[in-house]
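Asks: Got a structure for you, written out below as structure tokens; questions coming shortly.
The values are calculated or read from the model by the stated rules, or taken from the named source; none is laboratory data. All values derive from a computational prediction rather than experimental measurement. With ideal geometry, Cβ positions are generated from the backbone for all residues, glycine too; neighbour counts draw on all protein chains shown. Side chains are part of the model used for accessible areas, which takes the heavy atoms of the whole protein and leaves out ligands, DNA and RNA. Shrake-Rupley method; radii C 1.70, N 1.55, O 1.52, S 1.80 Å.
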Amino acid sequence: MTELDIRLANENDSKDLALVFIDSFGISAENNEKLIENTANSLKHRINKKVSDFYLAFQDEKAVGLGAETRFLGSSYIGFVGVLRSVWKQGIGTKLFQFILNEAEKHSSTVELFANPGADRVYRKLDFKDQFLTYKVELTSSKEIIIEKVQEEEKIPQWIFDLDKSAMGCDRSHLLQFLVSEPKTSLLSYEDKGYLITTDKKIGPVIAKDTEAAYNLLNYSLATGKKTMLVPDQQAPFLKPFSPVEKQRCVKMIKGAALQNNPKQILGYNSFAYS
């Protein structure tokens, strides 16, 4: 096999990143050129905002793989790892992942990820440990809608940063600021007990101290129609009033030092790829 060259990507690599991402994850659309353009712009935006470090793997000067590290104060997430289908089963994904893992471990003693079914076996060999299953579900507003105390925030108040850090066990302030700056995005709060970030299609992250705050936030967001949410399995019973329909599942995994977090307050993640 030709030697693999892996390097940090920049905004000029956004089209190569998009092409590998779309092919490796089997994404399709009626207008493929528009899909490529939108994906490239989205990845370029993440690079420019320094939300994630993206890496490209080249074989004979052709981009064949990508992956990313999203770095927080206290933890790093690895995601977006994919390889062109034409070069599957050549060990490219494993080498690329090991490269990104080495970079992540230079900055944090804790590395986290969401593993697709089947890929979890590979990560266990690299000393990642299972934490819990996480489901992507479609939710519908419950019959008992109580939304009087929900507010739409124009900017992130400090208590939300503090609550998120306490719940997650790491400081994700930069990610939260990025998420709320995205188009068609709203930040909802319930007193000082919980928050939720939502778009017209999905919900997450969702952090709440109690069920009252969580129900209010979810119902407010779902008032405009069904949306998807990424939910830890321990929170699945809570979501029954919202008629959850499972769309996908992943295994949440961790390597290194355990985080001092509060899992009971984590109702939803933003993405399987970057949380």
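Asks: Give me the 1.4 Å probe accessible area per residue for the chain, excluding ligands and nucleic acids, in Å². Walk me through the numbers on the way to the answer.
Replies: Numbers: 13740 Å² over 275 residues.
Per residue, the chain has 50 Å² of solvent-accessible surface.
Asks: Any idea how far the Cα center of segment 1-25 sits from the one of segment 226-252, in Å?
Replies: 32 Å
Asks: On to the next question. Quick check for me: using +1 on Lys/Arg Cβ and -1 on Asp/Glu Cβ, what's the dipole size of segment 71-123 about its Cα centre, in debye to the nearest 20? Provide the component values of the computation, followed by the final result.
Replies: On the way: 6 positive and 4 negative charges, 47 e Å.
In total the dipole reaches around 220 debye.
Asks: Can you flag which of K95/K227; K49/K202; K226/K255; K143/K247; K165/K240 are past 25 Å Cα-Cα? Numbers along the way, then the final one.
Replies: Details: K95/K227 36 Å; K49/K202 21 Å; K226/K255 35 Å; K143/K247 22 Å; K165/K240 27 Å.
As for pairs spanning more than 25 Å Cα to Cα, those are K95/K227; K226/K255; K165/K240.
Asks: Now a separate question. Putting +1 on Lys and Arg Cβ atoms and -1 on Asp and Glu Cβ atoms, find which of L66, F178, F114 reaches farthest to the positive end of the dipole of the chain.
Replies: Farthest towards the positive pole: F114.
Asks: Write out the trypsin sites (Lys or Arg not before Pro) in segment 113-164 meeting two conditions: DSSP loop, and at most 10 other Cβ atoms within 10 Å of their Cβ.
Replies: Working: sites: R121, R124, K125, K129, K136, K143, K149, K155; in loops: K143, K149, K155.
Taking segment 113-164 and a limit of 10 other Cβ atoms within 10 Å, the loop trypsin sites (Lys or Arg not before Pro) found are K143, K155.
Asks: Just the number, please: carbon plus sulfur as a percent of the accessible area of segment 1-57, 1.4 Å probe, no ligands or DNA/RNA counted. Provide the component values of the computation, followed by the final result.
Replies: Details: 1390 of 3290 Å².
That fraction is 42 percent.
Asks: Additional query: Helix 32-48: angle to the longest alpha-carbon principal axis of the chain, degrees 0 to 90, nearest 10?
Replies: Relative to the chain, helix 32-48 is tipped by roughly 80 degrees.
Asks: Give, as a single signed number, the net charge of other residues whose beta carbon lies under 14 Å from the beta carbon of E103, with Lys and Arg counted +1 and Asp and Glu -1. Don't jump to the answer; show the numbers that get you there.
Replies: Values: positive: R7, R71, K95, K106, K255; negative: D53, E69, E105.
Computed value for this residue: +2.
Asks: Kindly express, to the nearest 10 degrees and within the range 0 to 90, the angle between helix 158-168's C-alpha long axis and the longest C-alpha principal axis of the chain.
Replies: It works out to around 60 degrees.
Asks: Tell me the label-point distance for the pair F238, K226, using the 7 Å Cα-to-Cβ offset, in nm and rounded to one decimal.
Replies: Simple spin-label model gives 2.3 nm for this pair.
Asks: Just add up the charged neighbours of N216: K/R +1, D/E -1, any other residue whose Cβ is under 14 Å from the Cβ of N216. Before the final figure, lay out the partial values.
Replies: Numbers: positive: K149, K193, K209; negative: E144, E148, E152, E191, D192, D210, E212.
Net local charge, N216 excluded: -4.
Asks: For the chain, what is the calculated [θ] at 222 nm in deg cm²/dmol (nearest 500), taking -39500 (n - 2.57) for each run of four or more DSSP H residues and dividing by its residue count?
Replies: Values: 7 runs with 79 residues, N = 275.
One gets -9000 deg cm²/dmol as the mean residue ellipticity at 222 nm.
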